[in-house]
Amino acid sequence: MSLIPKRLSVKFFTKDKAGVELESLIGVFQSWIQQQAVEGLLIDVADYSHVFAGPGVLLIGDEGDYSLDVSGGRAGVQYTRKRQQGHSLEGLITTCLRLARQAGAKLEEDLALTFDYSTVQITFFDRLKTPNTPEVVAQLQKVLASFFTEQLGISEAQIDNVTEGPRYAPAFLVTLPQALEATDLQNTGTEAIQQA
Amino acid sequence: MTEQTWKDVLQDKMPPQLAEEIDIFEGQMELRKQGKLDERVFAEMRLRRGAYGQRYDNGKRHDGIETRHLPFPSGDLTKGPETMWDAPGMLRIKIPFGGLTTEQMEVLAELAEEYSDHILHVTTRQDIQLHYIHIDDTPDIMRRLAAVGITTREACGNSVRNVTACPFAGVCRDQAFDVTPYSKATAEYLLGHDDVQDFGRKFKIAFSGCEDHACGLVKIHDMGFLARVKEIDGEQKRGFTIFVGGGLGTVPHQAKVLYEFVPEEEILPVSQAVARVFARLGEKRNRNRARLKFLVAQLGIEEFRRLVDEERKTLPYDERWTTYLQDVPNYKEAPIRPAAALNGVEKPEGFDAWYASNVYQQRQAGYVTVTINLPLGDLTARQMYQLADIARQYAGDNVRLTVEQNIVLRWISEADLPNLYHDLKAVGLGDAGAGTIVDITSCPGTDTCKLGIASSRGLAGELRRRLGEKNASLPEAVKDLKIKISGCFNSCGQHHIADIGLFGNSRRAGNRKVPHFQVVLGGRWRDNASSYGLAVGAVPAKSVPILVDTIINRYATEREKGESFQDWIRRLGKVAVREMVRPFMNIPPFELDPSFYSDWGDTRVYGIGDIGVGECAGEVVSLFSMEIAKAESVHFEALVALDDGDYVTAENRAYESMLLAARALVRTQYLDVGNEPDDIVKEFRTRFYDTKLFFDPFAKGKFANYLLDRHANPPDEIDEDKAHRLIKEARLFIEATYTCEARVNGVIVN
């Protein structure tokens, strides 16, 4: 069974202790649509700032969604790939990391937020292909270790299983020795989808 | 190696009929992709499976500067008129009477995570909606729902929508009796019933256990059932007052009493008879006048009643009318905790306010029902998991959705309340104020609805925030007022029956558009929504919060002792009410305050260019078109089976597709043909073969004989050749059916 999930989310947490005013994201994401400021077919903005520890404010796209996500009580910039996952899990992870990293950089410009690019949460949403079983979780952890070592050349990546319980989607917290730079995520040769 | 699919994994867990229906829908999707199914027919098929369009699905969106084309990857492929295949849509999930189990809650949470945006939205009809769904994902979502006993069938489209019921049914202190098993039986009986497939518009049904409260809202429904107990021959007999022809929409109608008392064993046949009259005489062409309320108004209730009486006499007997009644006396919900009083238990901070607004004393001593006040009807997938855990601990499977977009946990032992409150607070579900002025109902509005004119959710969120901040200091008199908001005049937010109702519209200021809300005051939520409010003027969206403050402050200070909001509005009179609103109707110039030219929760300069064609009315497609599409889907399955080398299935499916096509044709003349192959073939022969109506000018009865021969002589053994031949014959038979229908009825399909 392929380990490419229906949806893969990558999230870099904010460094800002004061929290984020989610409402300010609405205007920022609307301007991203106007300017086509990030990759992908951008459709609309969804505001869920009223729900507790939820998806925050989303920039809904066709291939994937960008968001300032506050789930788990920790705010962060998130990219969720939901379509056109491509042909390899490594390519999918690269795409998500790259687009989340780019969105983070853009939010740092637009809202003076700061993100910690040395810690990233990666979540696999697919109860069929990546169910939360010990075998699958171990496999995913192995794939991630291999990805950071072989694709990105980071051998000291620490990968912790942070899945909260047996029914939740497998989630991993990857701690890196240094911040991921945008340049680390280009030209890896694994991305299946090259955006226009 | 072929990868496992949800279809494989869940095959044995889905009810066979639901599984087959979903396969058929998947086949219809494939036919649409191949251009073999008309987009209008597919749109109605899709709607009847709960898959609804969403704003911008025509591939255009105004970004505040210009209207941009959205170049979806599937190009020009559509899933309905001006509805792009790849455009995100909404899936409406029917939850009859709002009843959920904890297992169902968990599956809903999984689906929100994997296919939607991690949000579950509770609607004003006790449904759950998932937004931003791709149509390609819908069959698997439906399978996963079917595996836990949930269907999306007929959640949208011109059919019987979710059957709603009072969420306190069974635990209500004032009820005549528990209406739950009756609402469940009605939902099950009418789901997919032949007599509800040919409506010009949707049809909504509600059940209420008592007259005085609002929970069931029977008077705003196409058909409403109000529980009654009547003494007949010295015996207490259960039954219902049946209302018909109620509805909100642009022009609200109060329902009329069809029958004062209908005994329980008659409610299903009467429903069926009403459905038949509506299907036969209801408007089909003008969707704006196609709801039952217009037919009842046009005919008058006496004539409508006479027609229903006549129809009832002609109904073929169906044992399901009464079989469910055997189980009604045994219908019981089981608490999972022993009843115990709250006495002496330490209460956490905030508990008292929450207890005052969110806790309802059940008729069963020692038990209460707790309402979870959801902001804008939303909760996250994570909260749904957590709520399932909480329910398991305190309530079991006794969970219901409400028409005020909340969730209730029933059968809570009073002694557990402090711990339950603590647990709900921990997951962000412990807000006080359920059913009060801060608990505002709103339809999706411009957030996702194609018809939305103004941002009802944006305004609702703003009002909730402002009123919530000062909730503790609000005068007692105003705390129980209801605010309900619709994004347009169609009333999905039920603004007509609120104390303060608002619906979106727009006004011009110079060369610019300004989002507005029409203010509707004095509607009555209580007494099953017994009266509607009056529109008193439109104010800019940005002025609504301050107007609401003004209204509630004046009511609090000017009301006489015990005077209701409705009575106060009536006493003020229209002129004075209008004068109260007038100062807020002004629009400042753009240069002075550009904020008036954007909507709540949306920073774009406001415009109405994104308003599309709504799908709530469904596509008015002939019954024949709907039924022949089923034959096409099954024929497609025959082709797939042939490719897979499964010749027995291929041959059977080909035969079945001919039966379905014949049935589609027969039902243009005789609705009650049923599903038995013998009956279908007999009627087809009598009506179309013996009369030569089916005959081709050259081939004569040749195509009809494909069905008649196969029906009379099923093959003993099936090989590839036989399967292949019958599939080809079935194709010709289906084509001949189209031709015959067009010739006989003058309807051009596709």
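Take each residue in B:62-68, count the other chain C-beta atoms within 10 Å of its C-beta, and the mean is 3.
Rounded, prolate or oblate: pick one for region B:6-146, where a ≥ b ≥ c are the square roots of the eigenvalues of its C-alpha gyration tensor, a/c under 1.5 means rounded, and failing that, prolate if a/b is larger than b/c, else oblate. Note, shape of region B:6-146 comes out oblate. For chain B, the residue among B:Ser74, B:Ile628, B:Ser506 whose Cα projects farthest onto the positive side of the dipole built from Cβ charges is B:Ser506.
Ordering B:Ser473, A:Ser9 by the number of other Cβ atoms within 10 Å of each residue's own Cβ, fewest first, gives B:Ser473, A:Ser9. In percent, rounded to a whole number, the relative contact order of region B:666-714 is 23, using alpha-carbon pairs under 8 Å and six or more apart.
Taking 30 Å as the limit for the C-alpha separation, the pairs B:Lys184/B:Lys256; B:Lys700/B:Lys722; B:Lys94/B:Lys542 exceed it in the case of B:Lys94/B:Lys542.
For chain B, the 222 nm mean residue ellipticity estimated from helices alone, with every DSSP H stretch of n ≥ 4 adding -39500 (n - 2.57) and the total spread over all residues, rounds to -11500 deg cm²/dmol. Region B:230-295 and region B:111-188 have Cα centres lying 22 Å from one another. You can think of it this way: the chain between B:Asp480 and B:Glu579 has 33.2 nm of extra reach, that is 0.36 nm per residue less the Cα-Cα gap.
Ranking B:Ala434, B:Gly64, B:Thr691 by Cα position along the charge dipole of chain B, where only Lys, Arg, Asp and Glu carry charges on their C-beta atoms, puts B:Gly64 farthest toward the positive end.
Mean 1/r over all different Cα pairs, inverted: what Kirkwood radius does region B:480-541 give, in Å? After inverting the pairwise mean of 1/r, the radius is 11.6 Å. P(r) tail for region B:441-603: Cα pairs beyond 28 Å make up 17% of the total. Reducing region B:670-691 and region B:340-362 to their Cα centroids gives an inter-centroid distance of 63 Å.
Rounded to the nearest 20 debye, the dipole size of the protein assembly as shown about its Cα centre is 3140 debye, using +1 on the Cβ of Lys and Arg and -1 on the Cβ of Asp and Glu. Computed on the Cα trace of region B:276-320, the radius of gyration divided by the Kirkwood hydrodynamic radius gives Rg/Rh = 1.05.
Projecting the Cα atoms of B:Ala454, B:His118, A:Ile159 onto the charge dipole of the protein assembly as shown (Cβ charges, centred on the Cα centre) puts B:Ala454 farthest toward the positive pole.
Evaluated over the Cα positions of region B:623-745, the convex hull gives a direction-averaged projected area, one quarter of its surface, of 6.9 nm².
Seen from B:Leu342, the other residues with C-beta closer than 12 Å to its C-beta sum to a net charge of -3, counting Lys and Arg as +1 and Asp and Glu as -1. Scanning chain B for long hydrophobic helices, with DSSP H runs required to stretch 18 angstrom or more by C-alpha along their axis and to average at least 1.0 on the Kyte-Doolittle scale, returns B:267-281. The Rg/Rh ratio for region A:33-141, using Cα coordinates for both the radius of gyration and the Kirkwood hydrodynamic radius, is 0.97.
Cut-off 13 Å, label point 7 angstrom out along Cα-to-Cβ of B:Leu281: give me the residues of region B:308-337 whose amide nitrogen falls inside. Residues passing the 13 Å test: B:308-312.
Assign one of three labels to region B:217-317, namely rounded, prolate or oblate, based on the Cα gyration tensor with a ≥ b ≥ c the square roots of its eigenvalues; rounded applies when a/c is under 1.5, prolate when it is not and a/b is larger than b/c, and oblate otherwise. It is oblate, given that a/c is not under 1.5 and a/b is not larger than b/c. Dimensions of region A:96-196 along the principal axes, based on C-alpha atoms and rounded to the nearest Å, stand at 40, 31, 29, largest first.
Filter the trypsin sites (Lys or Arg not before Pro) in region B:276-362 down to the DSSP loop ones having no more than 14 other Cβ atoms within 10 Å, then list what survives. Sites meeting the loop and neighbour criteria: B:Arg285, B:Lys332. Neighbour counts of other Cβ atoms within 10 Å put B:Ser413, B:Ser455, A:Ser118 in the fewest-to-most order A:Ser118, B:Ser413, B:Ser455.
Distances between every pair of Cα atoms in chain B, grouped in 20 Å steps from 0 to the bin holding the largest one, split as 16, 48, 30, 6, 0 percent. Across region B:351-426, the relative contact order, built from alpha-carbon pairs under 8 Å that are at least six residues apart, equals 34 percent. Close amide H contacts of A:Lys82 (hydrogens built in the peptide plane, cut-off under 5 Å, sequence separation of 5 or more or a different chain): A:Gly64, A:Asp65. Which shape class, rounded, prolate or oblate, goes with region B:351-426 when its Cα gyration tensor gives a ≥ b ≥ c as root eigenvalues, a/c under 1.5 marks rounded, and past that a/b bigger than b/c marks prolate? Taking the square roots of the gyration eigenvalues as a ≥ b ≥ c, region B:351-426 is rounded.
To the nearest Å, what is the center-to-center distance of region B:452-508 and region A:133-172, using C-alpha atoms only? Rounded to whole Å, the Cα centres lie 46 Å apart. Counting other Cβ atoms within 10 Å as a rough exposure proxy, the listed residues A:Leu89, B:Leu726 run A:Leu89, B:Leu726 from fewest neighbours to most.
Each residue, B:Ile546 and B:Glu103, gets one label point 7 Å from its Cα in the Cβ direction; the gap between the two is 5.6 nm.
With q set to 0.05, 0.06, 0.10 Å⁻¹, the log10 of I(q)/I(0) for the protein assembly as shown, from the Debye formula over equal scatterers at the Cα positions, is -0.31, -0.45, -1.26.
For the cross-link pairs B:Lys202/B:Lys450; A:Lys82/B:Lys202; B:Lys425/B:Lys482; B:Lys202/B:Lys513; B:Lys630/B:Lys728, the ones whose C-alpha atoms lie over 21 Å apart are A:Lys82/B:Lys202; B:Lys425/B:Lys482; B:Lys202/B:Lys513. Based on alpha-carbon atoms only, what is the radius of gyration of region B:388-513 relative to the globular estimate 2.2 N^0.38 Å? So the Cα radius of gyration is 1.27 times the expected 2.2 N^0.38 Å. Mean per-residue shielding of peptide A:163-169 is 3, counting Cβ atoms of other chains within 10 Å of each Cβ. Taking a straight Cα-Cα cut-off under 15 Å and skipping sequence neighbours fewer than 8 places away in the same chain, the aspartates and glutamates within cross-link reach of B:Lys79 are B:Glu26, B:Glu30, B:Asp38, B:Glu39, B:Glu44, B:Asp57, B:Asp136, B:Asp137, B:Glu615, B:Glu619. A simple charge model with +1 on the Cβ of Lys and Arg, -1 on the Cβ of Asp and Glu and nothing else charged puts the dipole of region B:6-146 at about 500 debye relative to its Cα centre.
Its convex hull of Cα atoms gives chain A a direction-averaged projected area, equal to a quarter of the hull surface, of 10.4 nm². In this structure, the amide hydrogen of B:Phe207, modeled 1.01 Å from its nitrogen in the peptide plane, lies closer than 5 angstrom to those of B:Thr164, B:Ala165, B:Cys166, B:Phe225, counting only residues at least 5 positions away or on a different chain. Placing +1 on the Cβ of every Lys and Arg and -1 on the Cβ of every Asp and Glu, with nothing else charged, gives chain B a dipole about its Cα centre of roughly 3200 debye.
Read-outs throughout are calculated quantities, based only on the coordinates presented, and are distinct from any laboratory measurement. This structure is a prediction, so every number in the text was calculated from the model and none was measured. We place every Cβ from the backbone using ideal geometry, glycine too, and count neighbours over all the protein chains shown.
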